[in-house]
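Visitor: After the structure tokens below, expect a handful of questions from me.
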Amino acid sequence: MHGSLAHKNLAHRNLAKRAFRVVLIKPSHYDKDGYVIQWLRSLIPSNSLASVHGLIVECAHNAVLGPDVEIQVEACDECNTIVDVAGMAKRIRAAGAGMVGLIGVQSNQFPRALDLGRQFRALGLPVVMGGFHVSGCVAMLPMLPADLQEALDLGIHLFAGEAEGRMAEVLCDVAAGKAKPIYKYLNDLPEMAAAVYPILPRSVVTRVAGHYSSFDAGRGCPFQCSFCTIINVQGRKSRYRTPDDVEAIVRANAAQNITRFFITDDNFARNRNWEPILDRLIELRERENFNIRLLLQVDTLCHRIPGFIEKSARAGCTAIFLGLENINPESLMGAKKRQNKIWEYREMLLAWRAQKVMTYAGYILGFPTDTPETIARDIEIIKKELPVDILEFFYLTPLPGSEDHKNLFMRGVPMDPDMNKYDLEHACTAHPLMSKETWTQVYADAWKRYYTDEHVETIMRRAIASGINRTKVLDSLTIFSGAARIEGVHPLQFGFFRRKLRMQRRSGMPILNPLVFYPWRAADFLKATSQWLRLVWRYRRIMARVTADPSSRTHFDEALRPHTVAGETDHFVEVFADKIPHTHGAPVRAPAAVA
Ligand code: B12
Ligand code: SF4
């Protein structure tokens, strides 16, 4: 089998007379000063890049451009790699033909992607762009927005939808000089069973701290949150990979010595094939000693699925991301996030703790009834009553592709025209009760309010008492506490050792004189480094104190207290008693006392 494959490859090579080089770039976006947000090492891998890379590798194997054309591919994530436009263009020219793919472009990355596309187009190279901004806008809006039109005017080809089963067509069209302005595949979602694997070479993966790679075990989510773009692009039906395919992805990565994975399903708990997939991973771990580590995204009802949490932990899950979003049922109902039952939050979080899995919860600020006072109150409640480790804050944002965005667009409500700001870290439209300044202040204050030294100490004590890896918790606390406050970026976009390149500045902003830029950058670097060193030192001292204290092992507080009596609810559930809808399973309230 191996012999015949090698023979076939050799035959290909002998025939290959021409080359077609595909350069894949996952663009980053700009910071407030107009410099590209990039790092020596990023924190989280790009699954979009791995997916499209896998598709091009498949096209190369299948020689889709003909037996005499060798398809070459290179991939880079701009979050951890400097994009050398001239060098890439030179390599395409040296190959004789090729194209640039701008991969997985989100709305906030669109301005950067357009700047890169413009440079490649000026050099006469074909450029194709895909990702959630293109897909979301084409899926939801009645007309193309101005920025997509600008891309088309530059001669950039747009791809809306998923590329599995369609990449060969795109490559053939580009190679023949007949690429369409827009490829629309939104109404025809590809099956995931037997779909090509997302995979990246080790040299790309090792640019991510901890050498995490990624794959999606499925796509689609049954829920209907109004701020979500995913359901409008990838649909609400669960499409999933087979356990054989997941095993093949793991083995292919393990062959490169990579066994840590971020499974990027938005909601792995709603992947209808979760159990056979986890069973297979458990088998690989327990029978073949694969050192698999998993990071999963799940929903707040996952604890109701029998065996889900236990099997996730056995399969190697050490941390989960979940969309807590808010603890006010009124906000959750307003955003159609009906599946979030606040009275079950503690039970769900305790179930993960029992398996020694760390929890990261997303929390959205700026629902219509939010005020600075209610947000402050709610964060204090979470600190006291919910056993979550890491809380991360986002602005409620009308992301292109979401129902919220479509509604505002159709009603002509003003939204910030600068897509670079649609990173969930900026106020992009007006709030009914808070001015833009107040909302911005509330966001900055939220990080400070949650990550107080006192609460960091409590989280460390809870980690020790629950047997959760304390170093992992400490490292995450450090990053999540410092990223927004010190670097001005959300932790999910964070990395180690920030790079700011003088020449890579947003179009329209001046390139500074070296005599101005370098002293500014040196001062900027020293300021951030000294802030980081102080934070690390403070947190290490907290860790040392907590570890040395024998009472940490038996630490207990309100958040860790399971409900023992049937129908018992948390104190905070009482706070929101009048906002809880009468749905099945909701706590039954005593009739309100007459004032
Ligand atoms: C994993 C993930 C991340 C990871 C990794 C990023 C990545 N792209 O892999 C991390 C944690 C870093 C991340 C961060 C953010 N994310 Co994110 N993320 C996702 C998630 C859950 C999965 C991405 C994925 O792998 N999708 C599967 C791939 C295969 O789909 P795809 O990217 O669309 O690619 C397919 C097609 O579009 C097409 N295609 C794509 N590119 C190209 C190029 C060419 C040439 C062609 C032909 C085809 C093509 O083919 C691909 C294969 O079918 C998505 C939701 C989702 N389900 O996609 C959100 C999502 C992409 N993220 C989103 C956001 C907002 C963010 C953040 C801004 C939020 C934040 N502050 O954390 C940051 C941005 C920072 C950054 N550097 O990316 C939004 C984007 C919405 C929008 N309109 O912009 C999404 C859609 C979720 C949501 N909230 O609605 N994210
Ligand atoms: S649960 Fe997550 S993926 Fe599903 S609709 Fe809501 S925000 Fe989107």
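Laboratory data are not the source of any read-out in this text; all were calculated from the coordinates shown. Please read these numbers as outputs of a predicted model, since none were measured by experiment. Cβ: placed from backbone, ideal geometry, glycine included. Neighbour counts: every protein chain shown.
Visitor: Starting from the range 217-237, take each residue that is closer than 10 Å to L189 by Cα and list its partners that are near ligand 1 (Cβ under 9 Å from one of its atoms) and among the charged types (D, E, K, R), counting only C-beta distances under 6 angstrom and pairs at least six apart or across chains.
Guide: Within 6 Å, the pairs are Q234/R219.
Visitor: In the range 147-168, which residues are part of a loop (DSSP other than H, G, I, E, B) and within 18 Å of V52 (Cβ to Cβ)? If you could, list the steps in order and put the result at the bottom.
Guide: Step one: of the range 147-168, the residues part of a loop (DSSP other than H, G, I, E, B) are 154-156, 162-166.
Those that are part of a loop (DSSP other than H, G, I, E, B) and within 18 Å of V52 (Cβ to Cβ): I156, E162, A163, E164, G165, R166.
Visitor: For the range 170-191, enumerate the residues that are in contact with a helix residue (DSSP H, G or I) (Cβ under 6 Å, 6 or more places away or on another chain) and either touching a residue at least 60 places away in the same chain (Cβ under 8 Å) or closer than 16 Å to G155 by Cα (or both).
Guide: L171, A179, P181 - these are the residues of the range 170-191 that are in contact with a helix residue (DSSP H, G or I) (Cβ under 6 Å, 6 or more places away or on another chain) and either touching a residue at least 60 places away in the same chain (Cβ under 8 Å) or closer than 16 Å to G155 by Cα (or both).
Visitor: Exactly one of (1) in contact (Cβ under 8 Å) with a residue 60 or more places away in the chain; (2) under 24 Å from N420 (Cα atoms); (3) outside any helix (DSSP H, G or I) is unmet by R118. Its number?
Guide: It is condition (3) that R118 fails.
Visitor: Here's something else I'd like to know. Mind checking which residues of the range 205-217 are closer than 21 Å to D245 by Cβ and either part of a helix (DSSP H, G or I) or more than 10 Å from ligand 1 (Cβ to nearest atom) (or both)?
Guide: Within the range 205-217, V205, Y212, S213, A217 meet the criteria.
Visitor: State which residue is nearest to ligand 2 (Cβ to nearest atom) when the search covers only the range 220-233 and only residues that are touching an Asp or Glu at 6+ places or on another chain (Cβ under 7 Å) and not β-branched (V, I, T).
Guide: Checking each candidate, the answer is C221.
Visitor: Here are some residues: V208, V196, V246, V250. Which one is in contact with an Asp or Glu (Cβ under 7 Å, 6 or more places away or on another chain) and either polar (S, T, N, Q) or away from ligand 2 (no atom under 16 Å from the Cβ) (or both)?
Guide: Of the residues listed, the single one that is in contact with an Asp or Glu (Cβ under 7 Å, 6 or more places away or on another chain) and either polar (S, T, N, Q) or away from ligand 2 (no atom under 16 Å from the Cβ) (or both) is V196.
Visitor: All but one of (1) hydrophobic (A, V, I, L, M, F, W, C); (2) free of Cβ contacts under 8 Å to residues at least 24 places away in the same chain; (3) part of a helix (DSSP H, G or I) hold for L144, so report the exception by its number.
Guide: So the condition that L144 fails would be (3).
Visitor: Quick one: T471 ticks every box in (1) surrounded by 15 or more Cβ atoms within 10 Å (Cβ to Cβ); (2) closer than 23 Å to G210 by Cα; (3) under 24 Å from the mean Cα position of the chain (by Cα) except a single one, so which number is it?
Guide: Going through the list (1) surrounded by 15 or more Cβ atoms within 10 Å (Cβ to Cβ); (2) closer than 23 Å to G210 by Cα; (3) under 24 Å from the mean Cα position of the chain (by Cα), T471 breaks only (1).
Visitor: Continuing with this model, one more query. Considering only the range 219-238, how many residues are more than 10 Å from ligand 1 (Cβ to nearest atom) and in contact with a Lys or Arg (Cβ under 8 Å, 6 or more places away or on another chain)? Can you show your working first?
Guide: Our first condition is that a residue be more than 10 Å from ligand 1 (Cβ to nearest atom); within the range 219-238, this holds for 222-224, 226, 235-238.
Remaining after also requiring in contact with a Lys or Arg (Cβ under 8 Å, 6 or more places away or on another chain): 222-224, 226, 235, 238.
Residues in the range 219-238 being more than 10 Å from ligand 1 (Cβ to nearest atom) and in contact with a Lys or Arg (Cβ under 8 Å, 6 or more places away or on another chain): 6 in total.
Visitor: Considering only strands (runs of 3 or more DSSP E) fully contained in the range 286-375, which possess at least 3 residues that are within 16 Å of ligand 1 (Cβ to nearest atom), farther than 24 Å from I263 by Cα and more than 19 Å from the chain's Cα centre (by Cα)? Please lay out each step first, then the result.
Guide: Numbers: elements: 293-298, 317-325, 358-365.
It comes to none.
Visitor: Right, next: Under 7 Å between Cβ atoms, which residue pairs at least 6 apart in sequence (or on different chains) link something in the range 414-440 that is among the aromatic types (F, W, Y) with a partner that is part of a helix (DSSP H, G or I)?
Guide: Partner pairs satisfying both residue conditions: Y422/S107; Y422/N108.
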